[in-house]
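Down below is the structure, laid out as structure tokens.
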Amino acid sequence: MALRDRQNGIMRTKSVEQSISDTDEPDTKLRKDLGTWDLIVFGVAVVIGAGIFTLAASTAGNVAGPSVSLAFVIAAVACGLAALCYAEFASTVPVAGSAYTFSYATFGEFIAWIIGWDLVLEFAVASAVVAKGWSSYLETVFKQFGLDVPSSVALGPITVDWGALLLIVVLTVLLALGTKLSSRVSLILTAIKVAIVLLVIIVGIGYIKAENYTPYIPPASEGGAGAATGLSQSLISAIGGGLSSTYGIFGLLAAAGLVFFAFIGFDVVATTAEETKNPQKSLPRGILGSLAIVTVLYVAVALVLTGMVNYTKLKTQPDGSRATLATAFSELGVNWAATVIAVGALLGLTTVVMVLLLGQIRVLFAMSRDGLLPRGLAVTGKHGTPARATFLVGGIVAVVATFFPVGALEEMVNIGTLFAFVLVSIGVIILRRTRPDLDRGFRTPLVPLVPIFAVLACVWLMLNLAVETWLRFVIWMVIGLVVYWAYGRTHSRLAPGNAGKR
């Protein structure tokens, strides 16, 4: 099928009509199996996980104190603004690839490549990070039942995390067998973990002490020797001359940038656009509905957690062990709750990894179908899924999660996601001006104000990430430019001479 060049060179743009037309190619056609409820389940499944079970406690203890609940609100506002923009794009361009596809239709191929490369970073690293967390909770669950079974073993100088490997292998096979099957498994696990979160909130309310909320924003001087300084402090703190980004106002802002990791995933809903039966209605409902549900749960858990115990008891221990939601209950001797939380976390993180892998696979599928990566990865099999891309992504993430300590890369996921949000928000303004004729199933309100506020909020959160995170992000992007110039630029289906190639 011929692809039309609207521009020459690296800024060539793929029209919305052509993107939609490509979804009908027999060799790369995805099966439309998903409805509104499936999308909400995917959104809640991927977002409720690390944020509630691990990140809330450690961020309260090390960075923000009781004000971590406010940090969740700040992050949620930024996500909400971006979600409105995602909802319009996803309902207008119901094609796999999320922000990558949207950027191709507005900014052109070069920016689309950058955002696609950025999403590869977001989903792949996030999958590995959460898989490592799942493995840790697996070991905790074993201990709760009296079994001393480590989830990782040392083979000479190499530590093998067999727990993370097992999870990635099982989920990769599940995703290859079909998106609808994955949705059904996700629904069951998500229902269980939401029930556990509600139980934690109800039980925890009875142990809240008002004095634990004071001071709500601890003084920055309390950071002491462990305060974040140098390359580990936030960029805005370094620019503003802040002594540290541990506690105080800088700590609150840094915490908002950190807990943003907890909301990552609602944009994965947009990557399933091509597999949705009624994308114009279902995608906006799935994106906004899932975000609303998880925001309420996150803030409630943060308030209960910091009200149960003093934030100082949630600090990371000298041996490197981080506080979790179960820590608060263990401190108060409510051990049965700690066991329930451990099981809930195991189930919760399972669905998080599964949906993150799904997002990564769909972005890779979209980039391959456009020729920016090998076209063979976009071929769909008898189950209507891109099996080759699925096993490639699963293999890479399995290696990273099994052999590498990836905990320090959490902020890399945040900066990659925020960057994608910025481009999507700007893209809404551009597409409104360049293609006012398009049928939009959902329209972002108050354009251009909402997209502008979304950009400002996301950039602000990016500035509150560590200096070293920015340095790593720049290096990753430079690598991406090399790959595009060496392969994607000439193999693109929009490149001169490639039109009509399959």
Report yes if some residue within the stretch 161-172 is of a type in the set (Gly, Ala, Ser) and over 16 Å from Leu347 (Cα atoms); otherwise report no.
no
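Matching residues to (1) crowded, with 24+ Cβ neighbours inside 10 Å; (2) of a type in the set (S, T, N, Q); (3) farther than 20 Å from Val47 by Cβ; (4) touching a residue at least 12 places away in the same chain (Cβ under 8 Å):
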| site | (1), (2), (3), (4) |
| --- | --- |
| Leu119 | yes, no, no, yes |
| Val125 | no, no, no, yes |
| Ala128 | yes, no, no, yes |
| Leu166 | no, no, yes, no |
| Arg184 | no, no, no, no |
Which of the residues that make up the stretch 403-419 are modelled with pLDDT of 85 or more and crowded, with 24+ Cβ neighbours inside 10 Å?
none
Is it true that some residue in the stretch 307-315 is basic (Lys, Arg), surrounded by fewer than 19 Cβ atoms within 10 Å (Cβ to Cβ) and assigned to a loop (DSSP other than H, G, I, E, B)?
yes
In the stretch 145-164, the residues that are surrounded by fewer than 17 Cβ atoms within 10 Å (Cβ to Cβ) and part of a helix (DSSP H, G or I)
Trp162
Are any residues in the stretch 330-359 crowded, with 22+ Cβ neighbours inside 10 Å, polar (S, T, N, Q) and modelled with pLDDT under 85, and if so, which ones?
Thr351
Consider the stretch 316-369. How many of its residues are under 15 Å from Val200 (Cα atoms), among the hydroxyl-bearing types (Ser, Thr, Tyr) and assigned to a loop (DSSP other than H, G, I, E, B)?
1
List the number of the failed condition for Gln18; all other conditions in (1) outside any loop (DSSP other than H, G, I, E, B); (2) modelled with pLDDT of 75 or more; (3) touching a Ser or Thr at 6+ places or on another chain (Cβ under 9 Å); (4) among the polar types (S, T, N, Q) hold.
(3)
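Is it the case that the stretch 367-383 has a residue that's of a type in the set (Ser, Thr, Tyr) and farther than 17 Å from Ala96 by Cβ? Write out each step before concluding.
Of the residues in the stretch 367-383, the ones of a type in the set (Ser, Thr, Tyr) are 368, 380.
Keeping just the survivors that are farther than 17 Å from Ala96 by Cβ gives none.
No, the stretch 367-383 contains no residue that is of a type in the set (Ser, Thr, Tyr) and farther than 17 Å from Ala96 by Cβ.
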How many residues are within 12 Å of Gln280 (Cα to Cα) and not in a helix (DSSP H, G or I) when one looks only at the stretch 85-119?
3
Being of a type in the set (Val, Ile, Thr) and buried (at least 23 other Cβ atoms within 10 Å of the Cβ) is the filter; apply it to the stretch 211-266 and report the residue that is modelled with the lowest pLDDT.
Ile264
When the stretch 89-105 is checked residue by residue, the ones that are β-branched (Val, Ile, Thr) and either surrounded by fewer than 24 Cβ atoms within 10 Å (Cβ to Cβ) or within 11 Å of Gln360 (Cα to Cα) (or both) are none
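The values are calculated or read from the model by the stated rules, or taken from the named source; none is laboratory data. On a predicted model such as this, the values are computed, not experimentally measured, just so you know. All Cβ positions, glycine included, derive from the backbone under ideal geometry; neighbour counts span all protein chains shown.
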